[in-house]
Structures are given as structure tokens and as C-alpha cells.
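Please read the structure below before turning to the comments.
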Amino acid sequence: MKLASGYKDFWDAAQKNYPDQMRPGGLLDQAMFDGINNVLNADHSDRFAKPSDRAWMSSIYPWSADKRSTKVGALAKTYRGLILLKTPFDLALYPRLIWELQPRTILELGSYQGGSGLWLADNMSVLCENSGEVHSFDLYTKCVHENATKHPLLTFHQVDLSDASNLDENLLMRLPHPWLVIDDAHVQIFSMFSYLSNFLVSGDYYVIEDNPVFANREIIDGFQLIEQSGFLIDTYYTDAFGINVTCAPNAWLRKS
């Protein structure tokens, strides 16, 4: 598992070079080693789940829990001076996924000021072994700050996302995989999913932010479509900080 490789390298080096410190009372004592070892050897056989097998409960609903640590923290978050509307949990999760997936393409639906696109592009440039592209789509691109438009990996597109067919099919056809698609536009989310899923290949990810927390009839029916389309919920991400402690509950989706 790519995510555990750093842990393993550290403990292999510690065991080889500092065996005395691995004993009880040492700086790298056995209790800590056992905890890390549990991470390395965790059973991930149930990591991917069908939407129909998952409840909609959340250990914490990030946007309505303690306002100091979640809602206000997210709404006040900036990146390089630009607004970045992500919860602290998701800010920790996306770099993990980018490191594990090594996406060549990130599609962001909903640009806002461009802060999240800039953050994603910077993460891609640091965490991905091969250069890629970030494409951000929004109708109101005049709100995008000029500082975000200067990133060499990031391109903004003015598109009315209420109709998925407005997306440039030729662009989508040429973009390299793996893909990470992030829907933060909150507009026709399932018709957009239905359209874009045709371009995704096995192993690509599709994250739907915010809307799934409502779990109404539209959401339930939409997730039946998601399951029928061959997508599984990656519980490694949805449940990393507790069950569905993310702004995308049950919606870190991987095409099987």
C-alpha cells in the first residue's frame, strides 16, 4: 500500500540502526512500534463498499459541529491569500489521495475564487511523480483571482455546469488518467456524474462534496445510479477520522 510505505521505511531503518531504542522505555519503544505496525498490517479487505451497504450516519457532521473547529475554521480558511472552502478533515484527506492515486488529471467543478484549484495544483506539483493538469470549471470565472490563473498546471474554464453537455468533450477525451474529479459546484450533481463517468476508467476517483450530507430521496436515488455505474465507496477516506467525518460522506468514490 503506497500510503504505508513511509511508515515501513522508517521502522525498518529504526530496527536496523537503533535496536536499543526499540526496547521499552526507548525513544522508539515497542508500544509505539506496535501502533505503527497495526497501521502497516491493517486488514483493508473491506475498504471498498457498495453505496447500498452503507448508512448515512456521520460521527461528526463537519459543517455543523463545534463551530470553532469546523464550520468557522473552514469558512475562514485561506490558501496563499485566497478563499479555500474545505474542512480541516478534507484538507488532510486530499493530499493522501493525491499521493496514493498519482493523478495525471484533476477536474474541479466549481472554482469560486480559485483558492482550492491553486491548492490542488500545488499539491499535484509536490506529490505527483509525473506532472499533470488541473482543470477548474465555473460559470462565474470573473470571480477567480488573477494569482490563481498564473499556476502552470492550472486552467480555468467558463462553463455553465447546469448542463453537462457544455463541457468540452474533446478536452475530456485527451486528458490523461488517473483522474480525480471533485464536484463542489452543487449543480445537477447526478446528471453531471452520469456524463463524466463515461470518461472515467478503472481506478479513477470521483468525490462529491457537501450534497450527500442531506441524504434525501434525490441523494439516495442518485447513489443507486452511482452503484449501478460500477463505483465503490472508499471507506479509507470517508472514515479516516470517524464514520463519514468529511464534507463528502459516502462520496469518495472509486471506479471499479
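Assign unit charges at the C-beta atoms only (+1 for Lys and Arg, -1 for Asp and Glu), then state the dipole size of segment 49-255 relative to its Cα centre in Debye, rounded to the nearest 20.
Values: 16 positive and 24 negative charges, 108 e Å.
Dipole of segment 49-255, to the nearest 20 debye: 520 debye.
Quick check: residue separation of Asn17 and Gln158 times 0.36 nm, minus the Cα distance between them. What number comes out in nm? Write down the numbers at each step before the final one.
Working: separation 141, 0.36 × 141 = 50.76 nm, distance 5.55 nm.
Length gained, Asn17 through Gln158: 45.2 nm.
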Summing Lys, Arg as +1 and Asp, Glu as -1, what charge do residues with Cβ under 12 Å from the Cβ of Glu108 carry, Glu108 excluded? -4
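No value in this document is a laboratory result; all are computed from the given coordinates. Quick caveat: nothing in here was measured; it's all calculated off a predicted structure. Because the Cβ atoms are built from the backbone with ideal geometry, glycine has one as well, and the counts that use them run over all protein chains shown.
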